[in-house]
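The structure appears below as structure tokens.
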Amino acid sequence: MEIVIGICFICLFFYFIWQYQELKKFELTKYEVCSDKIKNEVRLVMISDLHGHVYGKDNDILFEAVREQKPDLILIPGDMMVSKKVKSYEIAYHAFTELAKIAPVYFSNGNHESRPAHKKMPATEAFLAYEKRVKHAGIHILNNASEKIRVNGNEICIYGAEIDLSCYTKGKMIPLKENFLENELGQVGDAYNILLAHNPAYSEQYAAWGADLTLCGHNHGGLVRIPGIGSLISPQFQLFPKYDAGRFDFGDKTVIIGRGLGTHTFHIRIFNRAELVSIHLVPN
Ligand SMILES: [Fe+2]
């Protein structure tokens, strides 16, 4: 019996050392997305679910990796901080300001921003002050809003969807309100349409609405990934979620779900390295 307990203890010891090291690393995933609407290449970097995580000194490792991609735009579909940890707001703010020195940054709320923004909680006041500073830093915040821009001769419309907090209820899959995207964002136009939408559970609706490219996060890759199968569990405790991580194509529409860069509550990543995503939009 003592031998078994000893072996378990040693295994646990090595597991914690391994996870400690694993959580300090991220990898770069590259995608190429073709479209008739793209005339000249556009380079995007997506950062999802940073959750106030730090790589190196003050995130210098992360910023250098972003800089190396020479992005035209940096796109962030939510959860830069942990809503209950006000200390993480400062890390998120610093990340926003450093990223804005590299390229224009477009952001839409994840559940960690929506919660203090729309629900009275102890962190609400701190959140509103933080959000104000982020806006002043020149970050384009798109919560059920859009901006049309020209990038390398291409007309691009960037939308941000902020869905209802009920859509993050644990143990339940609440459908999006009927015509939610049409009502909040209108109909898509002829530009290349990019949608920032934190929760990937509604990937089919995002594509059906008309987003040429949708960027999601939220799942953190499912904490544990089973090789050949995918994510074990979603943040809503759905087992083996269909839209877990990676690329999903719906005809000529694409959804890319990042595995995220940070963690919170359960600091676990097994076969699920944190991820910085680089996307090249290229002409067909
Ligand atoms: Fe989230």
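The values are calculated or read from the model by the stated rules, or taken from the named source; none is laboratory data. Since we're looking at a predicted model, the values are computed, not measured. Quick reminder, even Gly has a Cβ in these numbers, built from the backbone with ideal geometry, and neighbours come from all protein chains shown. Keep in mind that these areas ignore ligands, DNA and RNA; they rest on the heavy atoms of the full protein, side chains included. Shrake-Rupley method; radii C 1.70, N 1.55, O 1.52, S 1.80 Å.
Tabulated data
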item: Spin-label model distance (nm) - Leu28 vs Ile226, 7 Å beyond Cα toward Cβ; result: 3.3
item: Cross-link pairs beyond the 20 Å C-alpha cut-off, checked among Lys57/Lys132; Lys85/Lys177; Lys39/Lys253; Lys30/Lys70; Lys84/Lys119; result: Lys57/Lys132; Lys85/Lys177
item: GNM result for the chain, Cα springs below 10 Å: residue of Phe127, Phe180, Phe13 fluctuating most strongly; result: Phe13
item: Per-peptide average of other Cβ atoms within 10 Å, ordering 138-144, 186-192, 254-260 highest first; result: 254-260, 138-144, 186-192
item: Phi to ³J(HN,Hα) by Karplus 6.51 cos²θ - 1.76 cosθ + 1.60 over the range 24-33, Hz, x for Gly, Pro; result: 9, 10, 9, 10, 9, 10, 10, 10, 10, 10
item: Pairwise label distance in nanometres, Ala100 with Glu182, each label 7 Å out on the Cα-Cβ vector; result: 3.6
item: Carbon and sulfur %, accessible surface of the chain computed with the full protein complex present, 1.4 Å; result: 58
item: In sequence order, calculated HN-Hα J values of the range 91-100 (Karplus, 6.51, -1.76, 1.60; Hz; x Gly/Pro); result: 5, 5, 4, 4, 4, 4, 5, 6, 5, 5
item: Under-5 Å amide H pairs with Phe240, H placed in peptide plane, nonlocal only; result: Ile233, Ser234
item: Rounded to 5, the percent of DSSP beta bridges in the chain classed as antiparallel; result: 40
item: Gain upon complete extension [Lys135, Ile268; 0.36 nm per residue less C-alpha separation]; result: 44.7 nm
item: Probe 1.4 Å, protein heavy atoms only - accessible area per residue of the chain in square angstrom; result: 47
item: The range 109-119 - phi-based ³J(HN,Hα) in whole Hz, Karplus 6.51/-1.76/1.60, Gly and Pro as x; result: 4, x, 5, 6, 8, 4, 4, x, 6, 10, 10
item: Residue-averaged [θ]222 nm for the chain, counting only DSSP H segments that reach four residues, each worth -39500 (n - 2.57); result: -8500 deg cm²/dmol
item: Gyration tensor verdict on the range 169-255 (Cα atoms; rounded if a/c is under 1.5, prolate if a/b is larger than b/c, oblate otherwise); result: oblate
item: Protection proxy ranking of 75-84, 197-206 - average other beta-carbon atoms within 10 Å, highest first; result: 75-84, 197-206
item: Partner aspartates and glutamates for Lys242 [C-alpha distance under 13 Å; skip if fewer than 8 residues away on the same chain]; result: Glu204
